[in-house]
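Peer 1: Just passing along the structure, written as structure tokens.
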Amino acid sequence: MIRERAYPVDPWHVREVRLDMDVLAQSESVFALSNGHIGLRGNLDEGEPHGLPGTYLNSFYELRPLPYAEAGFGFPESGQTIVNVTNGKLIRLLVDDEPLDVRYGELLDHERVLDLRVGTLHRRLHWRSPAGREVKVSSTRLVSFTQRSVAAISYEVEAVGGPLRLILQSQLVANEALPAQSKDPRVAAVLESPLLAEEELTTKDGGLLIHRTKVSGLRVAAAMAHEVTGPEHTTVDSEGYEDWVRTTIGCVLAPGQKLRVVKYLAYGWSSRRSLPALRDQVGAALAAARLDGWDGLRRAQREHLDEFWDAADVRVEGDPEVQQAVRFGLFHVLQAGARAERRPISAKGLTGPGYDGHAFWDTEMFVLPVLTYTQPHAVRDALYWRHSTLDQAQDRARTLNLRGAAFPWRTIEGPESSAYWPAGTAAFHIAADVADAVRRYVLATGDTQLEREIGLELLVETARLWRSLGHHDRHGRYHIDGVTGPDEYTAVKNDNIYTNLMAQRNLLTAAEVAMRLRDEALDLGVTEEEAAAWRDAAHSMTIPYDEELDVHEQVEGFTRLQEWDFEHTPPDKYPLLLHFPYFDLYRKQVVKQADLVLAMHWRGDAFTAAQKTRNFNYYERRTVRDSSLSACTQAVLAAEVGDLQLAHAYLREAALMDLHDLNENTRDGVHMASLAGAWIALVAGFGGLRDHDGTLSFAPRLPSGLTRLEFSLQWRQSRVHVDVRSHQTTYALRPAGPVAAIELRHHGESVQVTRAQPTILPNPPAEPLAPVPEQPAGRAPLTHAPQ
Ligand code: BGC
């Protein structure tokens, strides 16, 4: 685990003040740069030592077989897995006759800074070689938001003390050897040498490599070029062979003199374009990068981020760690989605190989809610990506004897890549999650074009899935049987409450939109009868309830299952899935992650306030948070039911997941859902944001540890700025857009917020909660609210 405060608290930077080899891999994920298309892990420039080298391109994958001891009908035969592509970050340095390697000699100073406002990773080091030669190196890396195929590194070396002979080797390397991964089954499968060389080309100051994957047949091109500023007689030359290209720069530096190299990198990949076309594409991208130059790329990066922060920044007063963490989280969410452009946003973004680089429902239910209000164009792209996989989801539904679309539980490009049914395809709720993301996006943006072009079809095909997956019983009640909800410790059960409530909304939304867009719906074969059947199923949906205990049941019969023995489960047995057989988890009352509690967030309209409090108390005692997708939701509901301190503690757990490596697996990539969850915990938790009936509604209330919370939401043509203080909230349209006023709700009351002046309203105090919610033994929030 990264020790607390490994990165000093700073509102706009993540700074590492000394290199700690024990947490190198984690820091590579934390310091990963990406624009949603290219992802570079924060590996040291010289490549070694490393935790896990990583360079990724969105949707560049290899297929790997999914072997089964006993196969069954409909089991996927192969899975997609993200590939570590050609590494262009590598810059080795020979100082006199010693390679710069921080494991040797003396590291007099080492600092890395992720600058959240500029979008760069900066590194500064002062090194003394074993022979006593000293250099200072300063490098800055960026993955461009404005030129999506481009990354660049500015690398500067200064001789300290005596004159030095320097040889700098800047490289492109394919098929790097990867260290063995952990035994955790969730960690990506290692693929050895996945790339076949197709072309290698060198120019004087750079070169290019083109490779192809063996099975998926994707082609990748990587190119580099350098601008060198050094003393007289600096030499530049390049050579290459199949899997590597090396540009060698040599010079003799007098004390205080500097060598500066700007490395431009371009990446392109395709399943269809020819080799010459791809070669030209990266050549052109390099030319475009050089046109802007380092300063231009850096300036454009800053401008892009200025705009982003202007719309998306969240300001928190009272807890500086959360302030830093929520910005860090937003930065990674932006990185994952900014230029994904109709490609998936995966659970780790492009920061590591965890989960094979797959996208799950994390995208629609955790990342997209944040982007909907901060970067709506990225949501548009993500929905178009989902829609581009619709054919495959329809095929999958047919294989399963269902109608409509069965979206994959995990995938890169569309096919189901989960080999395990109970925690895979059985999690059919992903269909409703996709539908809800469409609903939320259209509501927030008014983008009727998307609704007509793809939204309707996504709603219709998911509604059809529910209509064929569920059934009316002899009393007319609608059931969805044999499914897995968000809680993966309860599998293949009847009437999961989250699934049923989300499916209910999916069915009703599909019927409403289909009747509004009649022509388009007719083209999809939707009749009035079909829409009526959707409404009918929705209105008769079973919502399991235990009358005796007066709480909802997460699935039918959940509350009568045997209790888990938390008292005798020691801390080292968590996460439970790595220490207990699934059959045991499945038949007891133990909850991996918010499920019913998640339903109370997104379908809060289906519960009374009293039910929410009782349910929260009941499930809080049984939820172990073995998934990082849980804390943020528990924060939202803890805030709603009035336990603001607990909400604060969960907010901190979600927000600090990667900065503190709380689950000890940040090495495989950051937890995108949890990072997005920090925003959700603040905005939906303490801000109380909900959109159940199409009206933006808030119920702001701060815990004693926070004195102020400010955030902005894009809503149609306006930007709503919300400024929450302990006793009051100020709503403003900022900047004043074309809309004169919008209607929203504050603690249940309708209010008009006008362009002319801000609206200030009091925050009613929270009712004290009795009994105080408790967690299972040993499972209190991982990082407590500061005292
Ligand atoms: C969680 C899932 C999640 C997946 C990827 C699992 O551990 O249980 O809900 O989608 O991780 O983040």
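The values are calculated or read from the model by the stated rules, or taken from the named source; none is laboratory data. These numbers come from a predicted model, not from an experiment. A quick note on method: Cβ atoms are made from the backbone with ideal geometry, for glycine too, and the neighbour counts reach across all protein chains shown. Quick note on the areas: whole protein, heavy atoms, side chains included, nothing else; ligands and nucleic acids left out. Shrake-Rupley method; radii C 1.70, N 1.55, O 1.52, S 1.80 Å.
Peer 1: Scan P544, P486, P570 and give me the residue that is touching a residue at least 12 places away in the same chain (Cβ under 8 Å) and within 16 Å of the ligand (Cβ to nearest atom). Explain how you work it out, then say what you get.
Peer 2: Working: P544 fails: within 16 Å of the ligand (Cβ to nearest atom); P570 fails: within 16 Å of the ligand (Cβ to nearest atom).
Just one listed residue meets the conditions, P486.
Peer 1: Taking E640 as meeting all but one of (1) open to solvent by 20 Å² or more (accessible area, probe 1.4 Å); (2) charged (D, E, K, R); (3) within 16 Å of the ligand (Cβ to nearest atom), write down the number of the exception.
Peer 2: With (1) open to solvent by 20 Å² or more (accessible area, probe 1.4 Å); (2) charged (D, E, K, R); (3) within 16 Å of the ligand (Cβ to nearest atom) applied to E640, the lone miss is (3).
Peer 1: Please work out which one of (1) surrounded by fewer than 17 Cβ atoms within 10 Å (Cβ to Cβ); (2) among the acidic types (D, E); (3) under 16 Å from L166 (Cβ atoms) is the condition E77 fails and give its number.
Peer 2: Condition (3) is where E77 drops out.
Peer 1: Determine which member of the set V118, V102, V85, V135 is in a loop (DSSP other than H, G, I, E, B), touching a Phe, Trp or Tyr at 6+ places or on another chain (Cβ under 8 Å) and closer than 26 Å to R260 by Cβ. It would help to see each step written out before you state the result.
Peer 2: Numbers: V118 fails: touching a Phe, Trp or Tyr at 6+ places or on another chain (Cβ under 8 Å); V85 fails: closer than 26 Å to R260 by Cβ; V135 fails: in a loop (DSSP other than H, G, I, E, B).
Only one candidate passes the filter, namely V102.
Peer 1: Moving on to the next point. Do we have any residue at all in segment 599-621 that's within 16 Å of the ligand (Cβ to nearest atom), in contact (Cβ under 8 Å) with a residue 40 or more places away in the chain and either of a type in the set (A, V, I, L, M, F, W, C) or not in a helix (DSSP H, G or I) (or both)? I'd like the intermediate steps shown before the answer.
Peer 2: Keep residues of segment 599-621 that are within 16 Å of the ligand (Cβ to nearest atom), which gives 599, 601-602, 619.
Remaining after also requiring in contact (Cβ under 8 Å) with a residue 40 or more places away in the chain: 599, 601-602, 619.
From what is left, the residues that are either of a type in the set (A, V, I, L, M, F, W, C) or not in a helix (DSSP H, G or I) (or both) are 599, 602.
Checked against the condition, which is being within 16 Å of the ligand (Cβ to nearest atom), in contact (Cβ under 8 Å) with a residue 40 or more places away in the chain and either of a type in the set (A, V, I, L, M, F, W, C) or not in a helix (DSSP H, G or I) (or both), segment 599-621 yields at least one hit.
Peer 1: A further question follows. For V95, which of the numbered conditions (1) β-branched (V, I, T); (2) under 26 Å from the mean Cα position of the chain (by Cα); (3) surrounded by 22 or more Cβ atoms within 10 Å (Cβ to Cβ) fails to hold?
Peer 2: (2)
Peer 1: Something else about it: For R440, work out the one condition from (1) outside any loop (DSSP other than H, G, I, E, B); (2) within 22 Å of N58 (Cβ to Cβ) it doesn't fulfil.
Peer 2: Of everything listed in (1) outside any loop (DSSP other than H, G, I, E, B); (2) within 22 Å of N58 (Cβ to Cβ), R440 misses just condition (2).
Peer 1: Tell me yes or no: at least one residue of segment 228-241 is in a strand (DSSP E or B) and either touching a helix residue (DSSP H, G or I) at 6+ places or on another chain (Cβ under 9 Å) or open to solvent by less than 10 Å² (accessible area, probe 1.4 Å) (or both). It would help to see each step written out before you state the result.
Peer 2: In the first step, residues of segment 228-241 are kept if they are in a strand (DSSP E or B); the result is 228-229, 235-241.
Of the ones still in play, those that are also either touching a helix residue (DSSP H, G or I) at 6+ places or on another chain (Cβ under 9 Å) or open to solvent by less than 10 Å² (accessible area, probe 1.4 Å) (or both) are none.
Scanning segment 228-241, I find no residue that is in a strand (DSSP E or B) and either touching a helix residue (DSSP H, G or I) at 6+ places or on another chain (Cβ under 9 Å) or open to solvent by less than 10 Å² (accessible area, probe 1.4 Å) (or both), so the answer is no.
Peer 1: Next question, about the same structure. Show the residue pairs meeting these rules: Cβ distance below 9 Å; 6+ apart or different chains; first residue within segment 393-405 and more than 20 Å from F360 (Cβ to Cβ); second residue open to solvent by 40 Å² or more (accessible area, probe 1.4 Å) and of a type in the set (D, E).
Peer 2: none
Peer 1: Please go through segment 661-705 and pick out each residue that is more than 24 Å from L443 (Cα to Cα), away from the ligand (no atom under 15 Å from the Cβ) and open to solvent by less than 10 Å² (accessible area, probe 1.4 Å).
Peer 2: D661, P703
Peer 1: A follow-up question, please. Could you list, in sequence order, all residues of segment 396-420 that are within 11 Å of G74 (Cα to Cα) and modelled with pLDDT of 95 or more?
Peer 2: R396, A397, R398, T399, L400, N401, E416
Peer 1: Test each condition in (1) in a loop (DSSP other than H, G, I, E, B); (2) closer than 18 Å to D101 by Cβ for A71 and report the one that comes out false.
Peer 2: Answer for A71: the failing condition is (2).
Peer 1: Output the number of the condition that Y355 fails; it satisfies all remaining conditions of (1) crowded, with 23+ Cβ neighbours inside 10 Å; (2) hydroxyl-bearing (S, T, Y); (3) within 22 Å of A426 (Cα to Cα).
Peer 2: Evaluating Y355 over (1) crowded, with 23+ Cβ neighbours inside 10 Å; (2) hydroxyl-bearing (S, T, Y); (3) within 22 Å of A426 (Cα to Cα) leaves (1) as the failure.
Peer 1: Separate question: Would you be able to say whether some residue in segment 40-59 is assigned to a strand (DSSP E or B) and open to solvent by 10 Å² or more (accessible area, probe 1.4 Å)? Outline the logic, then answer.
Peer 2: Of segment 40-59, the ones assigned to a strand (DSSP E or B) are 40, 55-57.
After this cut, where a residue has to be open to solvent by 10 Å² or more (accessible area, probe 1.4 Å) as well, the list is none.
No, segment 40-59 contains no residue that is assigned to a strand (DSSP E or B) and open to solvent by 10 Å² or more (accessible area, probe 1.4 Å).
Peer 1: State all residues of segment 209-225 that are part of a strand (DSSP E or B) and open to solvent by 10 Å² or more (accessible area, probe 1.4 Å); if no residue qualifies, say none. I'd like the intermediate steps shown before the answer.
Peer 2: Of all residues in segment 209-225, those part of a strand (DSSP E or B) come to 209-213, 219-225.
Listed by number, the residues that qualify are R212, R219.
Peer 1: Please count how many residues of segment 250-271 are open to solvent by 50 Å² or more (accessible area, probe 1.4 Å) and assigned to a strand (DSSP E or B).
Peer 2: Result for segment 250-271: 3.
Peer 1: Among the residues of segment 426-437, count how many are among the small types (G, A, S), crowded, with 24+ Cβ neighbours inside 10 Å and within 13 Å of the ligand (Cβ to nearest atom). Before the answer, list the steps.
Peer 2: First, pick out the residues of segment 426-437 that are among the small types (G, A, S): 426-427, 431-432, 435, 437.
Within this subset, residues satisfying the condition of being crowded, with 24+ Cβ neighbours inside 10 Å are 427, 431-432, 435, 437.
Checking which are within 13 Å of the ligand (Cβ to nearest atom) leaves us with 427.
Here the count works out to 1.
Peer 1: Only residues that are within 21 Å of Y489 (Cβ to Cβ) and either open to solvent by 10 Å² or more (accessible area, probe 1.4 Å) or among the acidic types (D, E) (or both): list them for segment 607-637, please.
Peer 2: Matches in segment 607-637: N617, Y618, E620, R621, R622, R625, D626, S627, S628, L629.
Peer 1: For L585, all conditions in the list (1) within 16 Å of the ligand (Cβ to nearest atom); (2) in contact with a Pro (Cβ under 9 Å, 6 or more places away or on another chain); (3) not basic (K, R) hold save one; what is the number of the exception?
Peer 2: Of (1) within 16 Å of the ligand (Cβ to nearest atom); (2) in contact with a Pro (Cβ under 9 Å, 6 or more places away or on another chain); (3) not basic (K, R), only one is false for L585: (2).
Peer 1: Of the conditions (1) assigned to a strand (DSSP E or B); (2) modelled with pLDDT under 95, G737 clears all except one; give me its number.
Peer 2: Status for G737: all satisfied but (1).
Peer 1: Filter segment 407-425 down to the residues that are among the hydrophobic types (A, V, I, L, M, F, W, C) and within 17 Å of M365 (Cβ to Cβ), then identify the one that is nearest to the chain's Cα centre (by Cα).
Peer 2: Kept after step one, since they are among the hydrophobic types (A, V, I, L, M, F, W, C), are these residues of segment 407-425: 407, 409, 412, 419, 421, 423.
Retained after the next criterion (residues that are within 17 Å of M365 (Cβ to Cβ)): 407, 409, 423.
Details: F407: 19, W409: 16, A423: 20 Å.
The qualifying residue nearest to the chain's Cα centre (by Cα) is W409.
Peer 1: Next question, about the same structure. Sort out which residues of segment 551-573 are over 21 Å from T484 (Cα atoms) and open to solvent by less than 60 Å² (accessible area, probe 1.4 Å), and write them in order of number.
Peer 2: Start the filter on segment 551-573 by keeping residues that are over 21 Å from T484 (Cα atoms), which leaves 565-573.
Across segment 551-573, the qualifying residues are F566, T569, P570.
Peer 1: Given segment 310-425, what helices (runs of 4 or more DSSP H) lie entirely inside it while holding 2 or more residues that are closer than 24 Å to S144 by Cβ and within 16 Å of the ligand (Cβ to nearest atom)?
Peer 2: Once the helices (runs of 4 or more DSSP H) in segment 310-425 are filtered for at least 2 residues that are closer than 24 Å to S144 by Cβ and within 16 Å of the ligand (Cβ to nearest atom), what remains is 320-337, 368-374.
Peer 1: Sticking with this structure for a sec: Answer yes or no: is there a residue in segment 739-755 that is touching a residue at least 12 places away in the same chain (Cβ under 8 Å), over 17 Å from F698 (Cβ atoms), touching a Lys or Arg at 6+ places or on another chain (Cβ under 6 Å) and of a type outside the set (K, R).
Peer 2: Checking segment 739-755: at least one residue is touching a residue at least 12 places away in the same chain (Cβ under 8 Å), over 17 Å from F698 (Cβ atoms), touching a Lys or Arg at 6+ places or on another chain (Cβ under 6 Å) and of a type outside the set (K, R).
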